[in-house]
Amino acid sequence: MAETFLSIQNVRKAFGATTVVQDFNLDVERGEFVSFLGPSGCGKTTMLRIVAGFEEPSAGMVMVGGKDVTNLKPNQRDIGMVFQAYALFPNLTVAQNIGFGLKVAGVPRAESDARVAEMLSIIKLPEFGDRYPYQLSGGQQQRVALARALAPKPKLLLLDEPLSALDAKVRVSLREEIRSIQKKLGITTIFVTHDQEEALSMSDRIVVMYGGKAEQVGTPFEIYNKPATKFVANFVGTLNVLEATVSDAAGGKVSVGGSDLVLKQPLNGAKAGDTLSLALRPEAISLGKQPGRDASLGGEISEVSFLGSVIRMRVDLGNSAVSLDTFNNPTTPPPNVGDRTEISFSSSDLLVLH
């Protein structure tokens, strides 16, 4: 049975009359990589700071390794922290920056030097120990910040939007490195981000936050394919929303743009004439009638964007519109704006948004 290493229980945080985190509960397994994902102001960084000890919760408890750390100072919690701003000491070399925590802890020089050399190797900068931060790129500086956090061998690693100041290509490269290092060291990690792609690609589980609450906790597969709320469905991934009218609630029958569809999920509490919002991911839609697709709708091409290997199209269905992607075929040019077309999909891919 998996071991719970970090336990956040009934945490609430208020600044005056404003509550920024409410009724937050989460158990994280040892060695697990969990992302807090959400828009600015949703409470994700505040929650991370509570785990780190930089903020005191208004209510609730934080436990690490079975020990209550709620009232302990940050330096008593055995955590490593990496911030959005690299926060390296400009007057210290890379090696001195990495070894700073070891020096403060009174680790013997020979042991410290060996650990610094090991960390330089792990972050793939073995020849950079004598350089200063200003001589490094942004990506290299963030690697050094990561090495500094990991050097004292913390039990818990906290990352507060560490990639947001970097350009897109470096971000992708560095997130792969961070995940690889985390897996290699087996360190329990909490990663804060507003970038859904980062969360989906790096995490064992994701906590989607909104309005100070955890809207949904699940694996990337669950969060993307089975969103629990309308907010999660809209925030994670590209989403098409179709407006439907209930024609037979018991039979799951609805009408979309004049076409009748049968949903695979029960319409609990709905009645004939009610309007529903149905979610449909772009990749679930095909252009033209396709085998195995039991639903189809007619429309008009309103946008065509050539993106290289993928062609993104928008189809106007009258009372709504959908986006879909098709792979580029060098022998078949894409349709033109204004062309009449038909889209098809499986009714089992429709998700009722609550």
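The values are calculated or read from the model by the stated rules, or taken from the named source; none is laboratory data. This structure is a prediction, so every number in the text was calculated from the model and none was measured. Note that we place each Cβ from the backbone using ideal geometry, even for glycine, and neighbour counts take in every protein chain shown. SASA here: full protein model, heavy atoms, side chains in, ligands and nucleic acids out. Shrake-Rupley method; radii C 1.70, N 1.55, O 1.52, S 1.80 Å.
Does Pro126 meet the test of being open to solvent by less than 20 Å² (accessible area, probe 1.4 Å), in a loop (DSSP other than H, G, I, E, B) and of a type outside the set (Lys, Arg)?
Working: open to solvent by less than 20 Å² (accessible area, probe 1.4 Å): no; in a loop (DSSP other than H, G, I, E, B): yes; of a type outside the set (Lys, Arg): yes.
Judged against the criteria, Pro126 is not a match.
One line per residue, one yes/no per condition, for (1) free of Cβ contacts under 8 Å to residues at least 40 places away in the same chain; (2) of a type in the set (Asp, Glu); (3) more than 24 Å from Ile79 (Cβ to Cβ); (4) touching a strand residue (DSSP E or B) at 6+ places or on another chain (Cβ under 8 Å):
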position: Ser173; (1), (2), (3), (4): yes, no, yes, no
position: Ile181; (1), (2), (3), (4): no, no, no, no
position: Ile187; (1), (2), (3), (4): no, no, no, yes
position: Glu198; (1), (2), (3), (4): no, yes, no, yes
position: Asp204; (1), (2), (3), (4): no, yes, no, yes
position: Ala228; (1), (2), (3), (4): yes, no, yes, yes
position: Phe231; (1), (2), (3), (4): yes, no, yes, yes
position: Gly237; (1), (2), (3), (4): no, no, yes, no
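Taking strands (runs of 3 or more DSSP E) that do not extend beyond the stretch 1-63, which have at least 1 residues that are free of Cβ contacts under 8 Å to residues at least 24 places away in the same chain? So that I can check it myself, show each step before the final result.
Numbers: elements: 4-15, 18-29, 33-37.
Ranges flagged: 4-15, 18-29.
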query = Which of the following residues is modelled with pLDDT of 95 or more and under 27 Å from Arg49 (Cα atoms): Leu102, Leu158, Leu174?
reply = Leu158
request  = Mind listing whichever residues of the stretch 315-347 are of a type in the set (Asp, Glu), in a strand (DSSP E or B) and out of contact with any Gly (no Cβ under 6 Å at 6 or more places or on another chain)?
outcome  = Asp325
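Quick one: which of Ser320, Ser346, Ser305 is modelled with pLDDT of 90 or more and within 29 Å of the chain's Cα centre (by Cα)?
Details: Ser320 fails: modelled with pLDDT of 90 or more; Ser346 fails: modelled with pLDDT of 90 or more.
Just one listed residue meets the conditions, Ser305.
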ask   = Can you find even one residue in the stretch 277-291 that is closer than 24 Å to Asn234 by Cα, in contact with a Gly (Cβ under 8 Å, 6 or more places away or on another chain), open to solvent by less than 30 Å² (accessible area, probe 1.4 Å) and among the hydroxyl-bearing types (Ser, Thr, Tyr)?
value = no
remark   = Asn75: passes all of (1) at pLDDT below 95; (2) in contact with a helix residue (DSSP H, G or I) (Cβ under 8 Å, 6 or more places away or on another chain) but (2)
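Kindly establish whether Tyr224 is over 23 Å from Ala321 (Cα atoms), of a type in the set (Phe, Trp, Tyr), in contact with a helix residue (DSSP H, G or I) (Cβ under 8 Å, 6 or more places away or on another chain) and surrounded by 14 or more Cβ atoms within 10 Å (Cβ to Cβ). Please lay out each step first, then the result.
Details: over 23 Å from Ala321 (Cα atoms): no; of a type in the set (Phe, Trp, Tyr): yes; in contact with a helix residue (DSSP H, G or I) (Cβ under 8 Å, 6 or more places away or on another chain): yes; surrounded by 14 or more Cβ atoms within 10 Å (Cβ to Cβ): yes.
Answer is no for this residue.
Any idea which residue in the stretch 45-104 is least open to solvent (accessible area, probe 1.4 Å), counting only those that are of a type in the set (Ser, Thr, Tyr) and farther than 23 Å from Val207 by Cα? I'd like the intermediate steps shown before the answer.
Narrowing the stretch 45-104 to residues of a type in the set (Ser, Thr, Tyr): 45-46, 58, 70, 86, 93.
Then drop every residue that is not farther than 23 Å from Val207 by Cα, which leaves 86, 93.
On the way: Tyr86: 45, Thr93: 18 Å².
Among those residues, the one meeting the criterion is Thr93.
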message = So in the stretch 1-44, with the set limited to residues that are among the aliphatic types (A, V, I, L, M) and closer than 16 Å to Asp195 by Cα, which one is surrounded by the fewest Cβ atoms within 10 Å (Cβ to Cβ)?
response = Val34
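Which one of these is among the hydrophobic types (A, V, I, L, M, F, W, C) and closer than 21 Å to Ala228 by Cα: Leu267, Leu297? Don't jump to the end; show me each part of the working.
Values: Leu297 fails: closer than 21 Å to Ala228 by Cα.
Just one listed residue meets the conditions, Leu267.
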note = Filtering strands (runs of 3 or more DSSP E) wholly in the stretch 231-286 for at least 3 residues that are closer than 13 Å to Asn319 by Cβ, modelled with pLDDT of 85 or more and touching a His at 6+ places or on another chain (Cβ under 8 Å) gives none
message = With the structure loaded, tell me whether Pro154 is in contact (Cβ under 8 Å) with a residue 40 or more places away in the chain, assigned to a loop (DSSP other than H, G, I, E, B) and under 16 Å from the mean Cα position of the chain (by Cα) or whether it fails that test.
response = no
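Name the residues in the stretch 200-221 that are within 22 Å of Ile178 (Cβ to Cβ) and touching a helix residue (DSSP H, G or I) at 6+ places or on another chain (Cβ under 7 Å), would you?
As a first pass, look at the stretch 200-221 and keep what is within 22 Å of Ile178 (Cβ to Cβ): 200-209, 217-221.
Result: Leu200, Ser201, Met202, Ser203, Ile206, Val208, Met209, Pro220.
Filter the stretch 157-184 down to the residues that are of a type in the set (A, V, I, L, M, F, W, C) and assigned to a helix (DSSP H, G or I), then identify the one that is surrounded by the most Cβ atoms within 10 Å (Cβ to Cβ). Steps first, please.
Our first condition is that a residue be of a type in the set (A, V, I, L, M, F, W, C); within the stretch 157-184, this holds for 157-159, 163, 165-166, 168, 170, 172, 174, 178, 181.
Right, trim to assigned to a helix (DSSP H, G or I) and you get 168, 170, 172, 174, 178, 181.
Numbers: Ala168: 8, Val170: 16, Val172: 15, Leu174: 20, Ile178: 24, Ile181: 20.
Across the stretch 157-184, the extreme among qualifying residues is Ile178.
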